[in-house]
Amino acid sequence: MICSVLVADIVDFSGLALDEQLAHKERFQKATEESGLARSERTRFLIDTGDGAAICFFGDPEDALYAAVSLQHRLLSDCPLRMGIGLGPAKWVVDAQGRRNIVGDAINSAHRIMNFASPGGILVSRSYYDVVTGIRERQVFGFRPLGMLTDKAGRQHEVFALGRVGEAEAPRATTDTVVTAAAGVNDSHAGVSQALVARATRVLGQMLGPAGPLVVRRAARAEAGRQGFLDHLARALESEAERSRFFEAMEAEAPAAAPRSGPGASGLHRADGADGGIWPPEAGELRRIEAALARELGPIAAVMIRKALRSCRTRAGFLEALAGHIDRPAAREAFLRAAKG
């Protein structure tokens with residue numbers, strides 16, 4: 001299988017006194033719990049490495065990046081981490097104690113990339129960078145190339161860095177790019193308008209730096225209404241004072257015009273497709289289709305779906321375009337049956 005892997009390492013852990021090690025481990029554990037990463041589930045698997053963790057993600061490749069910025073935001077001041085993200089093959093094994101575990105190049109690659117990071121830094125491999133920038137405009141994430149770096153074994157790696165939380169002003173983007181960064185909100189989230197997404201990206205970009213657009217995108221995928229969307233974003237901020245400033249900034253940027261009513265008020269134009277299905281697909285249907293495609297293609301399924309959403313005009317054409325990426329006829333038919341429900 002192909003998966004994305006985040007390796008997080010507590011800086012200088014081995015050089016700390018025992019009581020400091022325990023305190024840092026407790027902070028790290030709390031941060032993983034607050035970020036929803038502490039427990040393994042269908043879409044991820046956490047491996048305790050002693051001085052941190054390796055977290056394998058089997059779904060959307062961007063999940064690893066979101067997890068990294070979430071941990072960075074929570075721990076930068078009192079328990080700095082070094083983090084590396086890789087993408088590659090891995091497989092399930094059973095260890096000597098009979099427990100399931102994961103091994104493979106994806107974990108090894110992420111660990112080597114992490115070793116290049118400075119305290120508080122997030123670095124990604126070339127393979128991971130190619131996948132996530134295939135989903136989004138590269139300037140949305142604020143990646144910067146570090147070139148070819150050589151590890152202790154003499155192997156070379158092309159590495160890219162993500163700007164740290166609060167390190168610099170968020171990358172400037174047009175409204176179109178901002179909306180694209182929020183995962184096609186205008187396609188599948190009727191309750192979250194393009195204007196609200198653009199406004200939230202500007203505000204959170206000032207507060208979280210390059211992590212802002214990624215947090216907005218996740219919230220737009222998870223929430224269908226305005227208030228739920230804003231509450232989701234506020235939870236990404238560490239203190240009550242930050243959350244208050246966020247809500248105040250959002251209200252200050254709100255347009256004075258009266259609310260729109262009638263057809264198209266949500267900014268989403270949804271219609272029956274020529275094949276009788278709803279186009280674009282609803283969020284729940286998109287998740288089902290992505291899960292079916294991921295069983296054949298792995299994390300790259302998310303990239304294929306977003307590209308097809310931009311280019312297709314009917315549900316039937318959308319599914320046929322996705323099926324075209326599957327080589328084996330039997331697997332292709334199985335995907336279409338699962339996607340059509």
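When Asp78, Asp60 are checked against the criterion of being modelled with pLDDT under 80, out of contact with any strand residue (DSSP E or B) (no Cβ under 8 Å at 6 or more places or on another chain), crowded, with 20+ Cβ neighbours inside 10 Å and assigned to a loop (DSSP other than H, G, I, E, B), a single residue qualifies: Asp60. Scanning segment 228-252 for residues that are under 22 Å from the mean Cα position of the chain (by Cα), of a type outside the set (Gly, Ala, Ser) and modelled with pLDDT under 80 yields a count of 3. Scanning segment 308-320 for residues that are under 24 Å from Cys3 (Cβ atoms) and without any contact (Cβ under 8 Å) to a residue 24 or more places away in the chain turns up just one, Ala308.
The residue of segment 114-129 that is nearest to Leu71 (Cα to Cα), among those that are of a type outside the set (Gly, Ala, Ser) and part of a loop (DSSP other than H, G, I, E, B), is Pro119. Filtered by the rule that a residue be out of contact with any strand residue (DSSP E or B) (no Cβ under 6 Å at 6 or more places or on another chain), closer than 22 Å to Val132 by Cβ and among the small types (Gly, Ala, Ser), segment 7-57 gives Ser35, Gly36. Scanning segment 313-323 for residues that are of a type in the set (D, E, K, R), outside any loop (DSSP other than H, G, I, E, B) and surrounded by fewer than 16 Cβ atoms within 10 Å (Cβ to Cβ) turns up at least one hit.
For Arg44, the test of being touching an Asp or Glu at 6+ places or on another chain (Cβ under 6 Å), surrounded by 14 or more Cβ atoms within 10 Å (Cβ to Cβ) and not assigned by TED's automatic domain parsing to the domain that holds Gly205 is failed.
Sub-8 Å Cβ pairs linking a first residue in segment 90-106 that is surrounded by fewer than 13 Cβ atoms within 10 Å (Cβ to Cβ) to a second residue that is among the basic types (Lys, Arg), at least 6 apart or interchain, are Trp92/Arg100; Val93/Arg100; Val94/Arg100, ordered by first then second residue.
Would you check if Ala334 is small (Gly, Ala, Ser), touching a Leu at 6+ places or on another chain (Cβ under 7 Å) and modelled with pLDDT of 85 or more? No: the conditions fail for Ala334. State yes or no: is Leu46 free of Cβ contacts under 8 Å to residues at least 24 places away in the same chain and not in a helix (DSSP H, G or I)? Yes: the conditions hold for Leu46.
Taking the options Val7, Val69, name whichever one is closer than 15 Å to Leu123 by Cβ and not in a helix (DSSP H, G or I).
Val7
Checking the structure you have, find out if any residue of segment 271-284 is at pLDDT below 70, part of a loop (DSSP other than H, G, I, E, B) and touching a His at 6+ places or on another chain (Cβ under 9 Å). No, segment 271-284 has no match at all. Every test in (1) at pLDDT 80 or above; (2) more than 24 Å from the chain's Cα centre (by Cα); (3) outside the structural domain of Arg218 (by TED's automatic domain parsing) is passed by Ser266 save one, and that test is (1). Please tell me if Ala198 is in contact with a Phe, Trp or Tyr (Cβ under 6 Å, 6 or more places away or on another chain), surrounded by 13 or more Cβ atoms within 10 Å (Cβ to Cβ) and modelled with pLDDT of 75 or more. When the stated conditions are applied, Ala198 does not pass them. Taking every residue in segment 115-143 that is in the same structural domain as Gln72 (by TED's automatic domain parsing) and at pLDDT 75 or above and pairing it with any residue that is among the polar types (S, T, N, Q) and assigned to a strand (DSSP E or B), at least 6 positions away or on another chain, the pairs with Cβ-Cβ distances below 7 Å are Tyr128/Ser4.
The values are calculated or read from the model by the stated rules, or taken from the named source; none is laboratory data. What you see is a predicted model, and the numbers here were worked out from it, not measured in a lab. Backbone-built Cβ (ideal geometry, glycine too); neighbour counts: all protein chains shown.
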